[in-house]
Each structure stands twice: as structure tokens, then as C-alpha cells.
Amino acid sequence: MTKPAFYITTPIYYPNDKLHIGHAYTTVAADALARYKRLRGFDVMYLTGTDEHGQKIQTRAQDAGKPVKQFLDEIIEWIQDLWARLDISNDDFIRTTEPRHTKVVEAIFERLIDQGDIYLGKYEGWYCTPDESFWSERELVDGKCPECGRDVQWVTEESYFFRMSKYVDRLLQYYEDHPDFIQPESRKNEMINNFIKPGLQDLCVSRTSFDWGIHVSRSPEHVVYVWLDALTNYITAIGYGSNDPALQEKFERYWPCDVHFVGKDIVRFHTIYWPIILMALGLPLPKKVYGHGHFLMKDGKMSKSKGNVIDPKLLIERYGSDAIRYFLLREVPFGQDGVFTPEGLVQRLNFDLANDLGNLIHRTAAMMNRFAGGKVPGPGKWEQVDQDLAALAEQTVLDVQEHMDEMQFSLALTDIWKLVRQGNKYIDETAPWSLNKRGESERLQTVLFIMVETVRFITVLVSPFLSKLPGQVAAQFHFEPEETTWDSLSRFGALKPGNAVDAGTPLFPRLDVNDEIAALETLTGVRKQSVPEESNSKNVQDKAVPSSVQEQTATQGKQEIGIDVFSQVELKVGQIEHAEKVEGADKLLKIQVNLGTEQRQIVSGIAKYYQPEQLAGQKVVVVTNLKPVKLRGVMSNGMLLAASEGDKLTLVTVPESMPNGAVVK
Ligand code: ME8
């Protein structure tokens, strides 16, 4: 049976400079979806590439004192090396300077002139060269480009125009008939309100004031507007316009595209101009355009001039590609903006990869060797705790599938990490070392079997996201190829006993937070946030002991304050990912909270009121700018709000729909 096709693309990036983690973000996200779809039995076509024409590239090459082609080749080599280091599994890489693309663009342009969609006129208006976009006087913001805030130039030249206006009604109808076409939903409203309702102008689609581009055949003084040139890469790469029957078949197979992944900055081009070009060519429209959010720096947008651009290669070299892939996809809900901080990165690596995932795998392999001679034992009778873990594992597969279908990568990873944490908890609770000591060998064998089966499930579940770990773990645990397919996850317990397990070494090192943040600061040039210092003042500790346990007296007796004082308190929505007891402290729980752009550890005096397992998933309100303190030797960075009355206490919660990191005011 032939596999169903799935075609996914990233933007083709401008090779005017090296790429940064923002570009890596889109490419890693598309890679995760491509890997997932392959695991689910699809014939995937994953395309990325480079957008090599236009005024910006020509100017940059001139500034570098190099012939344009040489300038481009050097950067493209750097970009392809970046994708190789990140294990990007693209099936093709298109360069818009390749003849397979340029020839087809020339023909498309001629056809569109012939059929009256493109006509000759004169352009007078503003142009933003960094964004390669035209703007009317009305659209400028304080005289600058409304997209990037940079200077624009006045352009007066003879140009070809595309009759966009002719297709507006059909476009709006398409939006209406295909409610999932633009994701997230909010971007659709933005497009309609900001660009379509005010009246869609015909688009200028050629330039005559420079010559680095595809020339219009019938009037070669015109070069094709770089966006028309670039957007068509999505069809030229898969064979549109080719005479070769194999390529024609390829085009039939993969078009229309299942999803174009783009940043929110270029949703306009992909959801207005691109569909209209396709309509004019009589081709079906893409099924979906997903406009994800931006990775920002603490001081705003990443930009060379601010000197705050993060080179992904530096990070990969230091932490490995899996760590960076995980961080990018976990840190920010796909669709929303997020801030890159060294603290956020180090915490993710320490908590999620070293403490949770690395630890689970290493403990399992080590105990298999200590207590079972390194061979997976056959299980005996299953107890409730075993059944519960099995049920969670099977449910996790369904949850991950649902979130991957919605392209919610961080939520899919959150699902997997619930299982990882539960796997660690299972080991703590079943205590194989005690079973061994007490000589309960049948129970020990069951527990060890279930530990390895949990590792197997997690290995397969993370394989769309992490590219190296699944192979390493499969080799260490000697999983059979049929034990690492997605379908093999349909039943927890399907693992074959008897396989050897090598002891191995920890897969992710634990990092020293302060040293690492300092190193990252030097490496990336990003300024350090204040690092929590251990406090030994009893007073400060008491004040920070979370919440209402101490502050039950409410406002009575407290001094009146002005809004200026209140506004110094920063409150945000956070989601509890994990909670556990603090050893030797009856009242305290150690809680990991996801604040959207960062992960926090908070020690809270609520152990009397909540069991740790009741807390995972709750959306709570966090005081985020409280000075960090150590409580019973455990660092606490923030406070949870709770309401209390007599001997009752309830955490203040917010609805599920409110995103992590949302400000409470
Ligand atoms: O726009 N956060 O190329 P480009 C997240 N050549 N993603 C980011 C990002 C950030 N801070 N910065 C960039 C172009 N991106 C055109 C595309 S497609 C037919 C032509 C990602 O090099 C994001 O995907 O400026 C964004 O849309 C893209 O890089 C822009 O890349």
C-alpha cells in the first residue's frame, strides 16, 4: 500500500548573513513534525532552502567586496553545515539561484502577463530593503517600516503589477471555507483587519533599479520581485513546470502542501500574496500556514546591530544538538513569542534533561546491571502501581498524538515529561534496592521489566524531538527495530524479555548553574540576569516562605499602599509541572513551575493541603520578582498565591486557556 504523502516547508531564509536561533527554531519545529509524520507512516517531503535574490543580497555582497555568487556559496555552506549539526532531516534544499527554479519563475511570469494578471505600470512608494517589502505612506509607522521599524526608501520606477484586487473575494471565501488555513487563529484576524479590509493594493512585482534577480524574459531590465520569486520555491522544488514526467508525478504527489511553517513576520506573504498567485496559476492552495511566534532577547528583537544575536552553532558545540532541539521546542508554546535567557536554557538542561530524562535512563540501566545481570527479566504478577504506570504510558501516546496533530510541540513534550517524572517516581516508590535486599526476586523482576518498558516508550516518544538520544538508548538497551516503531507503543508490556542492557554513562551532564550562565554570557555576549544568592537571613527567609501560610491576616492591620508600590510586584500565570516533598520538612513542597519563557523552582508551604501529585497541570499565579531564598537547603525562586481561611487553603488558579507567562494585574 502506498503511504499517504505529507509535504512540509520552512521559509527559505535570506543568506545575507549567518542564521540565528530564530531560524533554527522554525527548522527544528518542522523537523520534529517531519520525523513524527514519518514515524506515523507518512511519505514525508520536508523542504527548506535559501532565498538568494534581491537588493539586500546584492548590497551585502558588494559591502563584503565579493562577487554575489561567491558570497552566497560561502554562507550557504555555513547554513547547510548548521542543519547537519542539528540533524535536520530535510529531503531537499532549494536555492532560488538554481535553474530548476529560475526557469520556471520566468515561465510563470510570462504566463501571468499573457493572461492579464500582471500588467505594466509605474511604482511610486516606499520600500523596506531589509524586509524586501513595499509600503504605502498610510502604512508607515512614524515614517518607518511597520514590520521591522527600520528606514524605508522612496522608490519611483516602471514596474509590473499583480492584480491582487481581482482575487480578494475568492481569498476571503477560502479563509471562510477553510477555518484552519491560518494558524493560530489570531493571525487570520490580523490579516483581514490590517491588510485586506483597508483595501488590498495591486502588488508591485518587478524592480528596475538593481539587477540581482530573475529577469523578466520580455523586458530584461526588470527583475522579478524577490517575494514572487521566493514563494514559488514551494512548487518549483517539487517539480512544477518541469517537462520531466518523474518530476511532474512528484508535483502531483505532494502538492498541495500540508503545512508551511513561517514566523509571524511573514504570514502576510504566505496567506495573502501566495494564495493569490496560486489561484492565478489555477493551482490548489496549501492546506495550512502556521505562523509561529518569535524568540526574543531580553532587550527585544534579535538583531545584529544590537549585538544580541545567538549563534546556534556555539550552543550546539557546548551542549549538543539534542539539548538545543529540546530547549527550542519545549521553552515556548508554538505560536507564542518567548524570550531566550541563559537561565532558561540552563534550567531546562539541568531539570528536564539531566535530572529527569537522563536520570531515569541511567538509573534503569544501572539497576538492571546491579540486580538482574544486565538482562531484561520476564515480569511476574502486575500490581496496581504497575498498572497505573502502564495506563499513563498508553495515555501519553494518545496525548502526544493529539498535540502533534495540533502542532503543539511544547505540550507534547510536557506530556512526555509527565511520564518521565512518573517513571522516576515509580522507581522511588517500588525501591528495587529494597526488593533486592529483602530477596523479593519475582517482584524485583517485574519492577525492572516495567522500568525498561518505560524507557522504551519514552525513547520512541521523544524521537521526533531528539535526534541522537533515541539511537543511543536503543543501542544501550538492545531494543529490536520493531520495538522502536510508533506502532509498538500500542501496548505497554510488549517488550521482549531477555535483551541485554549495557550499564552506560549518564547521557546529560548536570551543569553548575552559575558557572554555566557566566560561560554562556561570554559565549553569546548576552548579559546575565541576577543569579539567586543563598540567603542566610532568617528574616528574609520567613518573608519569602510562600504565601498565605504566613500571611493569613490578609490586609487587616497592614499599611495602605499606593498603586506605585503594588505595581512593583510582578505576578504571572504559571503551570505546575511537578511537585515533590522537601525531605525533612513537613510543610514544604518543592514545585517546578512553567512560566512560558522559563522554568522556576518554588518551595511552598502547602504540603498540609495538597498531595504533590494533585498539583501537576494546575495553572497558578506566581509572584515572579521575589528575591530568591534557600528554604531547608532548597532554592526557592518565587511564590504561589493562595487563599486561606481557618485551616483551609486553596491555591489561586486561572483557567487552562490562559497561556503560561501571562501577566496578572
Ligand atoms: O523572511 N524567532 O527570510 P528570513 C523565531 N527570505 N523565528 C525567527 C526569528 C525569531 N527571532 N527570526 C527569524 C525571509 N525567524 C524570506 C522568506 S519564504 C518564501 C521567504 C525565522 O531569513 C521565521 O521563520 O528573514 C521567520 O519567518 C524567518 O526566519 C525569516 O527568515
(request) Return the FRET efficiency for the residue pair Met1, Asn193: r is the Cβ-Cβ distance, R0 is 41 Å, and the value is rounded to the nearest 0.05. (result) 0.35
(message) Compute the helix-to-body angle for 359-372: its Cα long axis versus the longest principal axis of the chain, expressed 0 to 90° and rounded to tens.
(response) 50
(request) Could you work out the relative contact order of region 147-256, using alpha carbon pairs under 8 angstrom and six or more residues apart, expressed as a whole percent? (result) 22
(message) Can you compute the FRET efficiency between Glu137 and Gln387 using 1/(1 + (r/R0)^6), with r the Cβ-Cβ distance and R0 = 60 Å? Round to the nearest 0.05.
(response) 0.30
(message) Run the helix sum for the chain: -39,500 (n - 2.57) per DSSP H stretch of 4+ residues, divided by residue count, reported at 222 nm to the nearest 500 deg cm²/dmol.
(response) -11500 deg cm²/dmol
(request) Return the distance in nm (one decimal) between the two label points of a simple spin-label model at Ala494 and Thr59, each offset 7 Å from Cα along Cα→Cβ. (result) 5.7
(message) Quick check: residue separation of Glu74 and Cys148 times 0.36 nm, minus the Cα distance between them. What number comes out in nm?
(response) 24.0 nm
(message) Using a 7 Å offset from the Cα along the Cα-to-Cβ direction at both Arg253 and Tyr119, what is the distance between the two label points in nm, to one decimal?
(response) 4.2
(message) Can you classify region 565-651 as rounded, prolate or oblate using the Cα gyration tensor, where a ≥ b ≥ c are the square roots of its eigenvalues, rounded means a/c under 1.5, and otherwise it's prolate if a/b beats b/c and oblate if not?
(response) rounded
(request) Note down the magnitude of the dipole of region 117-223 about its Cα centre, charges +1 on Lys and Arg C-beta and -1 on Asp and Glu C-beta and zero elsewhere, to the nearest 20 debye. (result) 180
(request) Distance between Cα centroids, region 4-40 to region 486-523: provide it in whole Å. (result) 24
(message) Helix 99-114 against the longest principal axis of the chain: what's the angle in degrees, Cα atoms only, rounded to the nearest 10?
(response) 60
(message) Rounded to the nearest 5, what % of DSSP beta bridges with both residues in the chain are antiparallel?
(response) 70
(request) Starting from the Cα gyration tensor of region 46-118, take the square roots of the eigenvalues, sort them a ≥ b ≥ c, and report rounded, prolate or oblate (rounded when a/c is under 1.5, otherwise prolate if a/b is larger than b/c, else oblate). (result) oblate
(request) Percent of Cα-Cα pairs per 20 Å bin, from 0 to the last occupied bin, for the chain, please list those. (result) 16, 45, 30, 8, 0
(request) Name the shape class, rounded, prolate or oblate, that the alpha-carbon gyration tensor gives for region 320-373, where a ≥ b ≥ c are the square roots of its eigenvalues, rounded holds for a/c under 1.5, and otherwise prolate holds if a/b is larger than b/c and oblate otherwise. (result) prolate
(message) Using a 7 Å offset from the Cα along the Cα-to-Cβ direction at both Lys18 and Asp337, what is the distance between the two label points in nm, to one decimal?
(response) 2.6
(request) Please tell me which of these pairs span more than 23 angstrom C-alpha to C-alpha: Lys287/Lys313; Lys144/Lys264; Lys37/Lys468; Lys56/Lys301? (result) Lys287/Lys313
(message) Over 24 Å apart: what share of the alpha carbon pairs of region 341-490 falls there, rounded to a whole percent?
(response) 31
(message) Using 0.36 nm times the number of residues separating Glu440 and Asp502, minus their current alpha carbon distance, what extension gain do you get?
(response) 20.0 nm
(request) Please give the per residue accessible area of the chain, computed with a probe of 1.4 Å over protein heavy atoms only, in Å². (result) 43
(message) Can you give me the C-alpha center-to-center distance between region 420-475 and region 264-279, rounded to a whole angstrom?
(response) 48
(message) If I fit a long axis through the Cα atoms of helix 245-254 and take the longest principal axis of the Cα atoms of the chain, what angle between them do I get, 0 to 90°, rounded to 10?
(response) 50
(message) Quick check: residue separation of Glu185 and Glu157 times 0.36 nm, minus the Cα distance between them. What number comes out in nm?
(response) 6.3 nm
(message) Could you work out what % of the accessible surface of the chain is carbon and sulfur, using a 1.4 angstrom probe and leaving DNA, RNA and ligands out of the count?
(response) 49
(message) Sort Glu598, Glu402 by heavy-atom solvent-accessible area, probe 1.4 angstrom, most to least.
(response) Glu402, Glu598
(request) For each cysteine in the chain, check whether another cysteine's C-beta sits under 4.7 Å from its C-beta; list those where none does. (result) Cys148, Cys204, Cys257
(request) Using the Karplus curve 6.51 cos²θ - 1.76 cosθ + 1.60 with θ = phi - 60°, work out ³J(HN,Hα) for each residue of region 635-651 in order, rounded to whole Hz, and write x for Gly and Pro. (result) 5, 10, 10, x, 8, 9, 7, 8, 9, 9, 8, x, 9, 9, 8, 10, 5
(request) Please list, in chain and number order, the residues 5+ apart from Arg95 or on another chain whose amide H is under 5 Å from its amide H, with Hs placed from the backbone. (result) Thr50
(request) Would you mind checking which residues have amide H under 5 Å from Glu570's amide H? H placed 1.01 Å from N; only 5 or more apart, or other chain. (result) Thr624, Asn625
(request) Report the paramagnetic label zone for Ser303: residues of region 107-135 whose backbone N is under 13 Å from a point 7 Å from Cα along the Cα-to-Cβ axis. (result) 129-131
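The values are calculated or read from the model by the stated rules, or taken from the named source; none is laboratory data. Predicted model, so just to flag it, every value in this text is computed and none were measured. Quick reminder, even Gly has a Cβ in these numbers, built from the backbone with ideal geometry, and neighbours come from all protein chains shown. Please note that ligands, DNA and RNA were not included when accessible areas were found on the heavy atoms of the full protein model with its side chains. Shrake-Rupley method; radii C 1.70, N 1.55, O 1.52, S 1.80 Å.
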